[in-house]
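The values are calculated or read from the model by the stated rules, or taken from the named source; none is laboratory data. Since this is a predicted model, take the numbers as computed values, not measurements. Because the Cβ atoms are built from the backbone with ideal geometry, glycine has one as well, and the counts that use them run over all protein chains shown. Surface accessibility is based on the protein's heavy atoms, side chains included, excluding ligands, DNA and RNA. Shrake-Rupley method; radii C 1.70, N 1.55, O 1.52, S 1.80 Å.
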Amino acid sequence: GQLPTWLQGILLRNGPGMHTIGDTKYNHWFDGLALLHSFTFKNGEVYYRSKYLRSDTYNCNVEANRIVVSEFGTMAYPDPCKNIFAKAFSYLSHTIPEFTDNCLINIMKTGDDFYATSETNFIRKINPQTLETLEKVDYSKYVAVNVATSHPHYDSAGNVLNMGTSIVDKGKTKYILFKIPPSVPEKEKKKSCFKHLEVVCSIPSRSLLHPSYYHSFGITENYIVFIEQPFKLDIVKMATAYIRGVNWASCLAYHKEEKTWFHFVDKETKKEVSTKFYTDAMVLFHHINAYEEDGHIVFDIIAYTDDSLYGMFYLKNLNKDFEENSKLTSIPTCKRFVVPLQYDKDAEVGSNLVTLPSTATAVREKDGSIYCQPEILCEGIELPRINYNYNGKQYKYIFATEVQRSPVPTKVVKFNIQTKEMLHWAEDHCWPSEPIFVPSPDAREEDDGIVLTCVVMSDPKQAPFLLVLDAKTFKELGRAMVDVKMHLDLHGIFIPEKDLKTEIE
């Protein structure tokens, strides 16, 4: 096929790549050592390269020729040949775990720099052109967080907004929203952006020792949308996991009898909206988008009714019959919540306060709290992306992968929220990755542009490829076959040529 001539830049992807080191194997797919790969678009041609992230974790494991650094689903133990004192000491030093810097989930842009990210306090700077691993940044040196999300947001001024959890800091556990500026003042050129990191606000956790797990959050023009779900980390279990010989993943539990709480923080005043909004128990990983309309906050998420998704990716379950055996017990559901921030304070108890045309409801309870029920937009989509120019604004299209009964995506879809129309791209044996929308330079409409996805083949005899779709029609424009073994990945970013500091080789 033909690529549009304006498509110049780099598609960077990140995900787990190496699952066996020496005689040791990770237990979980999400634990594998990070593998970066890139597609560089230059004058109608595509160049591919991939490289393992040379994290401290990677270096230690490779040097020892076995897994020596613990990951979320795999606890690593010291060499049993060491004497008993060394063993006892390492048990103690593991109580507050030193987290891994195996940043395998996403790529974040900060100013002119790019970082590989995961959900620990470490991120690793990378060179997007050579995929070389550069310095390690520890968030906890600049803000009191133990974990942070790998799905930050970017505002129009180029600031990065992200959230992390501060565990039992000064006797409190809280969720912290922080901002990283894109650049530093002229006279401080030698300093990093992180030195100017600013805490926007903190939201106290409802529980000291059971903070909510979250993978992403939402943002509108004036508010931050944070969902405190009853899918929680057990801090005491986490601190003793090493001694008990279990992994950290076993310290996450879903409390289906509890509520899910919505928090809205005003970016200007840095204060949380005082009304208590909640819905039923659910598990979510990905926010899609959020915006304000007539005194309401509208936000779209992908939610599950249980926490079974994580368990399917244990490597013991990822065998040749994976597609048949791993049936999702909860289908991902795209839900739209409509939350009235401004409403008639004299409204009757039991009345629906939503005045926008939607089947979503927000009902006033006796105690003044508001119980929200969503509108179901569609089912069976995951890894959602949008035209990011519409982030925090009213929008029409979601680009995503379709998952039927198994968690491995088999199609790429474009979903029109207004008409509920869905366009698909699918072929036999194809497992596409998260689709990334790239707007065309003269875009007038939200879907003027292309969609990029890496396609891995379930049939090992067929070569993987990069697929380029016309975002409007969802017709294939072209594909670039890659003659290497490519892995399923998680998330990525498209970097236009103008955002690259130096000339692409």
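Once you list every other residue whose beta carbon is under 9 Å from the beta carbon of Asp499, what net charge do they have if Lys and Arg are +1 and Asp and Glu are -1? Walk me through the intermediate numbers first.
On the way: positive: Lys109, Lys498, Lys501; negative: Asp112, Glu497.
Neighbourhood net charge equals +1.
In this label model, Ala157 and Gln418 are separated by 3.2 nm, measuring between points 7 Å along each Cα→Cβ vector.
Partner lysines whose Cα lies under 20 Å from the Cα of Lys366, excluding those fewer than 8 positions away in the same chain, are identified as Lys259, Lys276, Lys345.
I need the calculated FRET efficiency for the pair Tyr388 and Ser330, taking r as the beta carbon distance and R₀ as 35 Å, to the nearest 0.05.
Working: r = 28 Å, r/R0 = 0.80.
Rounded to the nearest 0.05, the efficiency is 0.80.
Could you sort out which of Lys179/Lys237; Lys125/Lys190; Lys125/Lys414; Lys232/Lys396; Lys172/Lys195; Lys271/Lys420 sit more than 26 Å apart by Cα distance in this structure?
On the way: Lys179/Lys237 31 Å; Lys125/Lys190 16 Å; Lys125/Lys414 32 Å; Lys232/Lys396 33 Å; Lys172/Lys195 24 Å; Lys271/Lys420 36 Å.
Where the Cα-Cα span goes over 26 Å, the pairs concerned are Lys179/Lys237; Lys125/Lys414; Lys232/Lys396; Lys271/Lys420.
Of the listed residues Lys136, Lys191, the order by accessible area with a 1.4 Å probe, largest first, is Lys191, Lys136. Centre-to-centre separation between the Cα atoms of the stretch 290-318 and those of the stretch 343-372: 24 Å. Cut-off 19 Å, label point 7 angstrom out along Cα-to-Cβ of Lys345: give me the residues of the stretch 265-282 whose amide nitrogen falls inside. Flagged as within label range: 266, 271-277. Taking a sphere under 9 Å around the Cβ of Trp248 and counting the other residues whose Cβ falls inside, with K and R at +1 and D and E at -1, yields a net charge of 0. Ignoring lysines fewer than eight residues from Lys461 along the same chain, the ones with Cα atoms less than 26 angstrom from its Cα are Lys25, Lys51, Lys316, Lys320, Lys327, Lys411, Lys475, Lys485.
Shown here: percent of Cα pairs over 42 Å apart, derived from the displayed model; of the candidates (1) 19; (2) 16; (3) 12, it corresponds to (2). When each of the peptides 120-133, 256-269 is scored by the mean number of other C-beta atoms lying within 10 Å of its residues, the order from highest to lowest reads 120-133, 256-269. Can you tell me the FRET efficiency between Ala253 and Asp442 if r is taken as the Cβ-Cβ distance and R0 is 56 Å, rounded to the nearest 0.05? My answer for the efficiency is 0.65.
In square angstrom, what is the accessible area per residue of the stretch 9-499 with a 1.4 angstrom probe? Could the numbers behind the result be given before it?
Working: 21450 Å² over 491 residues.
I get 44 Å² per residue for this part.
Under a crude label model (7 Å from the Cα following the beta-carbon direction), how far is Thr130 from Ala426 in nanometres? Modelled inter-label distance: 4.4 nm.
Express the carbon and sulfur contribution to the solvent-accessible surface of the chain as a percent, rounded to the nearest whole number, probe 1.4 angstrom.
On the way: 11650 of 22520 Å².
After summing per-atom areas, the C and S share lands at 52 percent.
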